[in-house]
Structures are given as structure tokens and as C-alpha cells.
Amino acid sequence: MLYQLYEAQRALMAPFSEFASASAKLFDHPLSPFAHTPLAQRVSAGFDLMHRLAKDYEKPQFNITSATVGGVDVAVQEQVVTTKPFCRLLRFKRFTDKPQALEQMKGQPTVLVVAPLSGHHSTLLRDTVKSLLHDHKVFITDWTDARMVPADQGPFHLDDYVHYIIDFIRQVGPAVHVISVCQPTVPVLAAVSLMASNGEPTPLTMTMMGGPIDARSSPTSVNDLAVNKSHSWFENNVIHRVPQNFPGAGRRVYPGFLQHSGFVAMNRDRHVSSHYDYFLDLIRGDDDSAESHRQFYDEYNAVLDMPAEYYLDTIKTVFQDFSLVNGTWDVRGQRVRPQDITGTALLTIEGELDDISGVGQTRAAHGLCTGIAMTDQFHYEAEGAGHYGIFSGRRWRDKVYPEVKTFITRYERASATGAAVASRVVPLKSRRAK
């Protein structure tokens, strides 16, 4: 019933949002007589803010149409490689007619970015993809809003997520470098573990960024909620059925609007301050700052529904039973054994100020992957970076990405020239960004 009430409220707010948008333009357009009345700029700014607070936010687009490779601008086209009921595998294909740039692109590493299925769309990693495209062939998982998946497609469990990743790695090829951001660090480690246990080729490298490998380390408010509430509490309080006006009508989900409420509540004062600053920027005519605010919140406010089975599995497996670190996790009847991974190098990345996955949670992967040589295990802590700062923004571009690029390049070259060269490579040390 809560989901139906929310949809009714959204429908009622839609006309008001459009009215506020039109009124903002009425008091701001230079040809409008209202724009020349006293306090017109303040009135316009107020209506604009009301519009943004009341509007419905659709899934954003990546809108990545170009990249720079070796100083040459190349075109980028978003292609759908594979479509599954709950996910699409996308490739950002680069094109150029410059022979030198084309030859350089052919020899660059292939990267599979596993985006989180934890509320926001994969476009949250737009900055990550943009940086990677300069030096890599890039694939990314694009998870589908569960309310858009018809109920006859069946449920989607955490085990299904793991096998989606296995299928994607197989399709992209074993000479791939896998990057997982936040939530997918756990299922990615499980996927690669299962492949190793079955004797399949595993990725050249795994880069794990800000994920809850061991949620017991430096627990955050997210971890505390999962521990302090029972599994039945989550099932009874946050799981609802999709209303009839969506393709997934009747499907049990953790609704995006509830997730968004939780995101905002974690940093309420910061969001209030940000919206007030936006109001002041509009009054001052600071268009650049106002547009930056719009771009951030267009992304931040666009959320998706998660399948109930997947969400509840994750709560129990990752945050309550700690099945991965306890060695008790079975995926479709097969035990997850990270110690079986031997031919994949590992880099873990954490943000010093991460309030979602605390310091130490991602680094715990090293204690599980005992089959990987110590010379092939690396850790990097980004000083001053919060959760989003390790994959987006200035710290990602200036500090974190160079480390990721160096790590991937090292093992790409080692793979191309043989194990003898790999043994001579000087390993990265556990580092902290300055």
C-alpha cells in the first residue's frame, strides 16, 4: 500500500512541479515583463527550487560521445552487447580514422566495470567510465529497474547476480580486468572464486573499490542498521509490491523512493545546505555552480527498485551472517572459496572518510585471497576521500585513477609478454594518497 500511496502523491505533485518550472521561467526570461518586477530573481529562484524538489527524476543517460586517446579526440558509441532480464552489458565502443590512435586503441586493456545494484543507476559511474576510456576498452553492467521487469521473468537472487557476472566475464574474455565499485565487490569476488574453483580462466586483475567484503570492520550506520534489525524486519518493513502502472506489477521490491529517503537521511544537513546554496547561486546568477548542482542531483535523485530476493539475500549473506569471510557461503550449492584464486592480481581501494563502507572492509579481501602471491596484492587508501570520491570527482581523476591505470597496465603487459616478465615487475606497495 505504501508504494501505491507514493505513486498517488507523485501524480499529484507532477502538475505543481510543472507549474513551478513555468513560473520560474516567467520571472526570469528577459522578454517577460514579470522579470523586471522587484524581487523577480528571488521569486524565480524559489520556483526553480520548488520544481526540482517536486519533480520526478528519470534514469539519466551516460551521454559519453567522445574521449581522448593519445591526444586524439575519438568518437564513442554506447552499444548493448548482451541483454538479460535484470541487466544489460554495455560497451563504449571508440571510433577514429587516425591510424596511430586506432593502433593504440587496439592494444589497450579491456576493462569490465561492475556497477552497483544498490539504489542508483549505473550512470553514477559516468566519471569512472570517462576516465577509463582514455586508456581502456570499457564494458559496464547496466542493471535494470526491477519495477520494469515483468513478474513472469521470475525472481532475482544474489546467486543469480553472481552468475550474471560469471557470464559477462566469459563473454568479454579471460584477458579482462574487472573493476567492482561498492556493493558488487562481494559478488565479483564470489564469481571469480567459483571460476577458479572450476578450473576456468580468471580475469587478469580485480580492482575492488569501497565494498563490504568484511562489514564487521569499521562498521558504518549502514552496517549498524543491518545488524540491529532482524531479517524479518527488513522483509516486513521495506519490501513492497510494484503498482499496476509498471511492467513489473506485482513484483516484490525494495522501492527506490525508500532507498532515496535513507540516502538523504544519512547526510540531511549537507543536502539542506546544498539546496540553499543552489537558491543563492540562482539569485547571484552563478550559472556554472547552479548547473553543477543540477547535474549532481539529477543523478543522485534518480533511483531504481531492487528485487526483494536479491536485497534480502544481500542483507543476510553480507551484513548479518558474514558468509564470505566466514567461509560458509554457497552459491547454487557450490562453496565460495577465494583461496582458490591464483592467477588474478588484486588491488583494493578505500576512502579515508568513507561513511558507507568503512576503512578495512574492502582490504579484508587480501586475507581471503591467500592463493594470490603477496607480490600481486596491493592496497590504496585515498586520503580525504569519501565513498563517492574514490570513483568520481577530482580525487578519483587525480589520485585514484592513476593508481588503477598503473595496476592494470602492469598486468596487461605481463600477460602479453609472459610470466617471466611478470616476475620481474616491481609490485606496488600499500599506499595512501597525499
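Derivation of every value follows stated rules applied to the coordinates shown; laboratory data play no part. Just so you know, these numbers come straight off a predicted model, no measurement behind them. All Cβ positions, even for glycine, are placed from backbone atoms using ideal geometry, and neighbour counts span all protein chains on display.
Percent of Cα-Cα pairs per 10 Å bin, from 0 to the last occupied bin, for segment 202-314, please list those.
P(r) for segment 202-314, in whole percents per bin: 11, 28, 29, 24, 7, 0.
More than 23 angstrom separation, counting every C-alpha pair in segment 40-146; what % is that?
42
Tell me, what HN-Hα J-couplings in whole Hz come from the Karplus equation 6.51 cos²θ - 1.76 cosθ + 1.60 at θ = phi - 60° for each residue of segment 200-214, using x for Gly and Pro?
After applying 6.51 cos²θ - 1.76 cosθ + 1.60, I find 7, x, 10, x, 5, 9, 10, 10, 10, 10, x, x, x, 4, 10 Hz.
With only alpha-carbon atoms in the gyration tensor, what are the semi-axes of the equivalent ellipsoid for segment 59-208, in Å, largest first?
27, 19, 12
Amide H neighbours of residue 119 under 5 Å, at least 5 residues apart or on other chains, H built in the peptide plane: list them.
304
Please find the FRET efficiency linking residue 274 to residue 80, where r is the Cβ-Cβ separation and R0 is fixed at 35 Å, and quote it to the nearest 0.05.
Once rounded, the FRET efficiency stands at 0.50.
Would you work out the charge dipole size for segment 204-362 about its Cα centre, treating the Cβ of every Lys and Arg as +1 and the Cβ of every Asp and Glu as -1, and quote it to the nearest 20 debye?
That gives a dipole near 860 debye.
Return the inverse of the average 1/r over all pairs of distinct C-alpha atoms in segment 111-166, which is the Kirkwood hydrodynamic radius, in Å to one decimal.
Evaluated on segment 111-166, it is 12.8 Å.
Under a crude label model (7 Å from the Cα following the beta-carbon direction), how far is residue 53 from residue 353 in nanometres?
Label at residue 53, label at residue 353, 2.6 nm between them.
Starting from the Cα-Cα distance between residue 103 and residue 339, subtract it from 0.36 nm times their residue separation and give me the gain in nm to one decimal.
That works out to 81.2 nm of additional length.
Measure off 7 Å from each Cα along the Cα-to-Cβ vector at residue 332 and residue 68, then give the distance between these two points in nanometres to one decimal.
Once both label points are built, they end up 4.4 nm from each other.
Of the beta bridges DSSP finds with both residues in the chain, what % are antiparallel, to the nearest 5?
Within the chain, antiparallel bridges account for around 50 percent of the total.
If you bin the C-alpha pair distances of segment 15-100 every 5 Å from 0, what whole percents do you get?
With 5 Å bins starting at 0, P(r) equals 3, 13, 13, 10, 9, 7, 9, 12, 12, 8, 4, 1, 0.
Dividing the alpha-carbon Rg of segment 131-221 by 2.2 N^0.38 Å yields what?
So the Cα radius of gyration is 1.21 times the expected 2.2 N^0.38 Å.
Hey, rough spin-label estimate for residue 170 and residue 264, points 7 angstrom out along Cα→Cβ, what's it come to in nanometres?
The answer from the label model is 4.3 nm.
How big is the convex hull of the Cα atoms of segment 174-250, per residue, in Å³?
Considering the Cα atoms of segment 174-250, their hull volume per residue is 175 Å³.
Given that compact globular proteins tend to follow 2.2 N^0.38 Å, what is the ratio of the alpha-carbon Rg of segment 154-204 to that value?
That works out to 1.09 for segment 154-204.
Quick check on my link table: of 93/399; 98/137; 59/84, which ones sit more than 23 Å apart, alpha carbon to alpha carbon?
93/399
Could you tell me the convex hull volume per residue, in Å³, taken over the Cα atoms of segment 267-348?
178
Could you give the length gained by full extension between residue 292 and residue 320, i.e. 0.36 nm per residue of separation minus their alpha carbon distance, to one decimal place?
Gain in length upon complete extension: 6.3 nm.
Report the gain in length on full extension from residue 153 to residue 88: 0.36 nm times residue separation, minus Cα-Cα distance, nm rounded to one decimal.
21.9 nm
Compute, for the chain, the length of the dipole vector about the Cα centre, with Cβ point charges of +1 (Lys, Arg) and -1 (Asp, Glu) only. Units Debye, rounded to 20.
So the dipole magnitude of the chain works out to roughly 740 debye.
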